[in-house]
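Chemist: Structure in structure tokens, see below.
The values are calculated or read from the model by the stated rules, or taken from the named source; none is laboratory data. These figures come from a predicted structure and were not determined experimentally. Virtual Cβ from ideal backbone geometry, glycine too; neighbours counted across all protein chains shown.
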Amino acid sequence: MKLPVVNHKDYFAKIGDDHKFPINKFSELANFLIEKKVVEKFHKPYPCSEETLKRAHSENYINHIKNKTLDKQQVKKIGFPLVDSVVKRSFIATGGTVLSSKLAIRYGLSCNTAGGSHHANFGGGAGFCVFNDVAVAAQYLLERGLAGRILIIDLDVHQGNGNSDIFKDNKNVFTFSMHSKSNYPVKKSLSDLDVELEDNMEDKQYIKLLKFYLNQLNEENFDYVFYIAGVDIHFNDRLGKLKISDDGIKERDELVTENFFSNGIPLCGVLGGGYNKDFYKLIELHSFLHQSCAKLL
């Protein structure tokens with residue numbers, strides 16, 4: 001069986017060629033996955049409805065994004081220009097994770113080729129995150145009775161502060177974030193479980209820690225997992241502060257996906273961050289998530 005993967009041409013947005021966010025990665029990753037025969041055909045999402053978005057964001061904020069009326073300070077906090085293509089992308093990429101979350105229930109595993117916008121909270125965006133796609137999808141599954149107890153496992157180099165903030169009073173969603181202690185955001189929020197990593201950590205220690213915490217998480221009764229597979233933990237990342245190798249990221253993705261798949265727990269994988277100095281290396285690193293899932297199916 002082929003891994004279901006969600007992609008849309010509008011994951012690309014016009015933010016300027018000199019922007020530090022590598023927006024071209026979404027189309028290049030899609031091409032790479034087809035070239036490597038990981039995917040034959042993508043599942044195409046619809047833009048996320050406002051009704052679904054309201055499960056994780058205020059109506060006021062959604063309207064400001066839709067109408068491009070967000071104040072300058074908040075636009076600056078997000079880091080993207082609020083132009084038509086960014087607005088379109090924000091709705092479609094969120095719809096992509098909602099679609100992917102449903103496909104994971106049917107197939108056991110599914111991935112988006114975008115997503116993991118974990119800095120956006122209920123009232124606003126931040127750090128290249130407009131809408132929090134994982135939070136929206138998690139709420140969608142809970143409200144439709146498609147999941148009962150959800151784990152968000154976030155291995156991006158930056159703390160998933162938006163998710164921990166949105167779900168701080170929700171006992172049906174457990175937020176786990178293993179991130180660089182000294183990195184963005186400066187003021188961390190409180191996840192259900194935070195693992196703070198020292199600068200320059202290498203593969204051996206990272207994998208040992210991950211195995212330890214996966215064993216702990218296996219003691220809980222989760223029936224659904226969202227995996228934010230940020231590759232900004234790589235040693236050559238412009239915004240990371242860790243020293244994880246290609247093999248370390250590959251092993252990490254295989255560990256996480258196999259752990260939950262072998263326990264019969266549906267897993268939806270999303271991209272998370274990646275700002276590698278080598279653009280083509282970045283594409284390869286992001287593809288490890290999809291390759292590790294495809295191998296299991």
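Chemist: Quick one: which residue in LEU141, LEU209 is under 18 Å from the mean Cα position of the chain (by Cα) and in a helix (DSSP H, G or I)? Explain how you work it out, then say what you get.
Modeler: Details: LEU209 fails: under 18 Å from the mean Cα position of the chain (by Cα).
That would be LEU141, the only listed residue that is under 18 Å from the mean Cα position of the chain (by Cα) and in a helix (DSSP H, G or I).
Chemist: Here's something else I'd like to know. Taking the condition among the hydrophobic types (A, V, I, L, M, F, W, C), part of a helix (DSSP H, G or I) and under 26 Å from VAL231 (Cβ atoms), does ALA13 pass? If you could, list the steps in order and put the result at the bottom.
Modeler: Values: among the hydrophobic types (A, V, I, L, M, F, W, C): yes; part of a helix (DSSP H, G or I): no; under 26 Å from VAL231 (Cβ atoms): yes.
No; evaluated as a whole, the condition is false for this residue.
Chemist: What residue, among those in region 23-41 that are buried (at least 18 other Cβ atoms within 10 Å of the Cβ) and assigned to a loop (DSSP other than H, G, I, E, B), is modelled with the lowest pLDDT?
Modeler: ILE23
Chemist: Can you tell me which of (1) more than 17 Å from SER117 (Cα to Cα); (2) without any contact (Cβ under 8 Å) to a residue 60 or more places away in the chain; (3) of a type in the set (Val, Ile, Thr) is the one ILE23 doesn't meet?
Modeler: (1)
Chemist: Separate question: Kindly indicate whether any position in region 115-122 is surrounded by fewer than 24 Cβ atoms within 10 Å (Cβ to Cβ), at pLDDT 95 or above and part of a loop (DSSP other than H, G, I, E, B). Explain how you work it out, then say what you get.
Modeler: Step one: list which residues in region 115-122 are surrounded by fewer than 24 Cβ atoms within 10 Å (Cβ to Cβ), which gives 121-122.
With at pLDDT 95 or above added as a condition, the list becomes 121-122.
With part of a loop (DSSP other than H, G, I, E, B) added as a condition, the list becomes 122.
The answer is yes; a qualifying residue exists.
Chemist: Could you list all residues from region 238-251 that are surrounded by fewer than 24 Cβ atoms within 10 Å (Cβ to Cβ) and of a type outside the set (A, V, I, L, M)? So that I can check it myself, show each step before the final result.
Modeler: So the first thing to find is which residues in region 238-251 are surrounded by fewer than 24 Cβ atoms within 10 Å (Cβ to Cβ), and the list is 238-239, 241-243, 245-248, 250-251.
Residues satisfying the conditions are ARG238, LYS241, LYS243, SER245, ASP246, ASP247, GLY248, LYS250, GLU251.
Chemist: Further question on the same structure: How about region 73-101: which of its residues are crowded, with 19+ Cβ neighbours inside 10 Å and either farther than 14 Å from TYR61 by Cβ or in contact with a Ser or Thr (Cβ under 6 Å, 6 or more places away or on another chain) (or both)?
Modeler: Across region 73-101, the qualifying residues are PHE80, VAL86, ARG89, ILE92, ALA93, GLY95, GLY96, THR97, VAL98, LEU99, SER100, SER101.
Chemist: Now, a different point. So in region 67-86, with the set limited to residues that are within 18 Å of the chain's Cα centre (by Cα) and free of Cβ contacts under 8 Å to residues at least 60 places away in the same chain, which one is farthest from GLU50 (Cα to Cα)?
Modeler: In the first step, residues of region 67-86 are kept if they are within 18 Å of the chain's Cα centre (by Cα); the result is 78-80, 86.
Narrowing the set further to residues that are free of Cβ contacts under 8 Å to residues at least 60 places away in the same chain leaves 78-79.
On the way: ILE78: 20, GLY79: 22 Å.
Applying the filter and picking the extreme gives GLY79.
Chemist: Moving on to the next point. List pairs: first in region 101-130 and free of Cβ contacts under 8 Å to residues at least 12 places away in the same chain, second of a type in the set (Val, Ile, Thr) and assigned to a loop (DSSP other than H, G, I, E, B), Cβ under 9 Å, 6+ apart or cross-chain?
Modeler: The qualifying pairs do not exist here.
Chemist: Could you tell me how many of the residues in region 226-240 are in a loop (DSSP other than H, G, I, E, B) and modelled with pLDDT of 95 or more? Even if it seems obvious, please write down each step before you answer.
Modeler: Here is the first cut: in region 226-240, the ones in a loop (DSSP other than H, G, I, E, B) are 229-233, 235-236, 238-240.
Of the ones still in play, those that are also modelled with pLDDT of 95 or more are 229-233, 235-236.
Of the residues in region 226-240, 7 are in a loop (DSSP other than H, G, I, E, B) and modelled with pLDDT of 95 or more.
Chemist: Before we move on, is GLY269 touching a Phe, Trp or Tyr at 6+ places or on another chain (Cβ under 7 Å), touching a residue at least 24 places away in the same chain (Cβ under 8 Å) and either closer than 13 Å to LEU29 by Cβ or not in a helix (DSSP H, G or I) (or both)?
Modeler: So GLY269 passes the test.
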